[in-house]
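Q: Input: one structure, supplied below.
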Protein chains: 2
Amino acid sequence: MGSLAVIAVDGIPEVVPGADLADLISDAAPDLRDHDCLVVTQKVVSKAEGRLVEIDPDDPLSHKPLVEQESVRILRRRGELIISQTSHGFVCANAGIDLSNVGRGQAALLPIDSDRSARGIRDRLKARRGVDLAVIVSDTFGRPWRRGVTDVAIGCAGIGAIADLRGTQDALGRELQVTEVAIVDEIAAAADLVMGKSTNTAVAIVRGLNPDWFRRGNVVGEIVRDPAEDLFR
Amino acid sequence: MGSLAVIAVDGIPEVVPGADLADLISDAAPDLRDHDCLVVTQKVVSKAEGRLVEIDPDDPLSHKPLVEQESVRILRRRGELIISQTSHGFVCANAGIDLSNVGRGQAALLPIDSDRSARGIRDRLKARRGVDLAVIVSDTFGRPWRRGVTDVAIGCAGIGAIADLRGTQDALGRELQVTEVAIVDEIAAAADLVMGKSTNTAVAIVRGLNPDWFRRGNVVGEIVRDPAEDLFR
């Protein structure tokens with residue numbers, strides 16, 4: 001496996017509804033290669049797809065009805081915090097609705113189908129640049145039991161969400177117990193380390209990943225745990 | 001922030017109880033620099049610290065009494081799976097006890113104090129090589145709601161577990177909502193991408209991190225969520 005590079009893509013202008021993200025990325029990233037994995041933050045995807053909603057800028061709770069509307073099930077409430085399940089099946093705070101890095105008086109909803117968003121960017125970059133790469137749409141989620149947020153994948157294309165190591169042997173020739181690694185979440189986390197939270201960097205390239213991981217894949221089908229199998233819903 | 005590199009450190013021999021991990025890493029990694037972050041998997045730390053226990057190799061459930069012993073609280077049981085809280089405060093499957101990549105008839109327990117383990121490696125590398133780097137001890141945990149495992153930090157030294165962005169402004173001049181990023185978990189995840197699960201690579205270097213993140217830090221104090229504040233215990 002050797003090594004990999006995580007490279008911030010700077011110089012992408014402010015994204016407006018209707019913008020072609022693949023074109024903006026292509027202009028900002030002159031060096032794109034087969035088997036690169038692009039990580040694009042949810043914020044710019046939501047903006048490009050027009051998933052912005054007007055809210056009252058003087059009411060700090062004005063986005064709360066949106067949270068209820070974007071949730072299919074509320075898991076927990078404490079004070080103003082709502083942990084809920086979105087239509088995609090993601091469990092996160094406030095249904096993934098975000099007020100930072102959008103205009104005052106606006107809230108950004110999650111993309112309707114974040115796997116499709118990733119596929120669209122991948123397909124357009126392939127058409128425009130002739131490169132066969134993977135795309136991950138990332139978002140910032142909290143976790144139970146552990147403080148601090150981390151970036152995870154909410155959509156992907158051109159890469160399997162899970163690398164299945166079932167049946168392979170460990171270094172001592174014994175069958176591995178741990179089988180399925182959520183590589184798209186690990187890649188999203190790696191990308192966040194170069195993005196920073198207070199700059200406009202919304203895209204990163206992860207280069208040097210295992211070529212075997214590049215295949216058809218999606219987050220909602222592979223990563224979202226069946227509620228019936230979940231011990232914590 | 002620009003870019004960062006994640007580099008596998010190969011050539012570390014099989015680790016035996018009593019081994020000096022810092023010496024083994026130093027021999028295998030001729031190029032270590034200030035502000036590098038070393039990620040060392042729990043498995044080799046547990047082996048070096050002698051946290052191996054004999055189990056009956058012919059009984060697939062023989063490690064289960066160990067799980068009970070290493071747990072301070074059981075959160076959920078389903079079939080053979082136990083989700084519990086360890087003495088460190090981590091919530092994970094089977095109290096972090098692992099049967100892969102250890103000898104047949106052995107189980108590896110978590111280090112007693114994984115932050116101290118990280119500090120020990122950091123201090124010895126500083127003494128031996130004169131480098132001021134960070135060390136993270138990583139382990140592989142499952143998550144609720146999302147399929148697949150990811151690597152997270154169970155100990156750290158020389159780096160803050162959380163980067164606190166509270167009060168800084170986003171690119172549009174508005175105060176950020178998302179405040180605390182679990183950077184050590186993101187770094188552990190990034191390192192896992194070069195390790196592979198079926199090779200002996202147990203150490204990686206992450207180079208190019210934000211220099212501001214290098215300070216005194218620890219995982220148990222910064223990352224473990226107070227059970228009283230936790231919505232899912």
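Q: Out of curiosity, is A:Gly50 at positive phi and surrounded by 22 or more Cβ atoms within 10 Å (Cβ to Cβ)? Outline the logic, then answer.
A: On the way: at positive phi: yes; surrounded by 22 or more Cβ atoms within 10 Å (Cβ to Cβ): no.
Here the answer is no, as A:Gly50 does not meet what is asked.
Q: Checking B:Pro65 against (1) touching a helix residue (DSSP H, G or I) at 6+ places or on another chain (Cβ under 9 Å); (2) surrounded by fewer than 16 Cβ atoms within 10 Å (Cβ to Cβ), which test does it fail?
A: In the conditions (1) touching a helix residue (DSSP H, G or I) at 6+ places or on another chain (Cβ under 9 Å); (2) surrounded by fewer than 16 Cβ atoms within 10 Å (Cβ to Cβ), B:Pro65 misses (1) alone.
Q: Restricting the search to region A:215-229, which residues are part of a loop (DSSP other than H, G, I, E, B) and surrounded by 15 or more Cβ atoms within 10 Å (Cβ to Cβ)? Steps first, please.
A: So in region A:215-229, the residues part of a loop (DSSP other than H, G, I, E, B) come out as A:215-218, A:223, A:225-226.
Result: A:Gly217, A:Asn218, A:Ile223, A:Arg225.
Q: Scan region A:43-58 for residues that are among the charged types (D, E, K, R), touching a residue at least 40 places away in the same chain (Cβ under 8 Å) and not in a strand (DSSP E or B) and jot them down.
A: Narrowing region A:43-58 to residues among the charged types (D, E, K, R): A:43, A:47, A:49, A:51, A:54, A:56, A:58.
Imposing the further condition that a residue be touching a residue at least 40 places away in the same chain (Cβ under 8 Å) reduces the set to A:43, A:47, A:49, A:51, A:54, A:56.
Across region A:43-58, the qualifying residues are A:Lys43, A:Lys47, A:Glu49, A:Arg51, A:Asp56.
Q: Let me ask another. Could you tell me which of the residues B:Leu81, B:Leu61, B:Leu125, B:Leu75 is assigned by TED's automatic domain parsing to the domain that holds B:Val152 and in contact (Cβ under 8 Å) with a residue 12 or more places away in the chain?
A: Details: B:Leu81 fails: assigned by TED's automatic domain parsing to the domain that holds B:Val152; B:Leu61 fails: assigned by TED's automatic domain parsing to the domain that holds B:Val152; B:Leu75 fails: assigned by TED's automatic domain parsing to the domain that holds B:Val152.
Selected residue: B:Leu125, the only one of B:Leu81, B:Leu61, B:Leu125, B:Leu75 that is assigned by TED's automatic domain parsing to the domain that holds B:Val152 and in contact (Cβ under 8 Å) with a residue 12 or more places away in the chain.
Q: Are any residues in region B:98-112 assigned to a loop (DSSP other than H, G, I, E, B), surrounded by 21 or more Cβ atoms within 10 Å (Cβ to Cβ) and at pLDDT 80 or above, and if so, which ones?
A: Within region B:98-112, B:Leu109, B:Leu110, B:Pro111 qualify.
Q: On to the next question. Mind checking which residues of region B:1-25 are more than 14 Å from chain A (Cβ to nearest Cβ) and either in contact with a Cys (Cβ under 7 Å, 6 or more places away or on another chain) or surrounded by fewer than 17 Cβ atoms within 10 Å (Cβ to Cβ) (or both)?
A: Residues of region B:1-25 that are more than 14 Å from chain A (Cβ to nearest Cβ), as a first pass: B:17-25.
Those that are more than 14 Å from chain A (Cβ to nearest Cβ) and either in contact with a Cys (Cβ under 7 Å, 6 or more places away or on another chain) or surrounded by fewer than 17 Cβ atoms within 10 Å (Cβ to Cβ) (or both): B:Pro17, B:Gly18, B:Asp20, B:Asp23.
Q: OK, next. Go through (1) within 7 Å of another protein chain (Cβ to nearest Cβ); (2) in contact with a helix residue (DSSP H, G or I) (Cβ under 6 Å, 6 or more places away or on another chain); (3) touching a residue at least 12 places away in the same chain (Cβ under 8 Å) and name the single condition B:Glu186 misses.
A: (3)
The values are calculated or read from the model by the stated rules, or taken from the named source; none is laboratory data. Quick caveat: nothing in here was measured; it's all calculated off a predicted structure. FYI the Cβ positions are ideal-geometry reconstructions off the backbone, even for glycines, and counts take in every protein chain you see.
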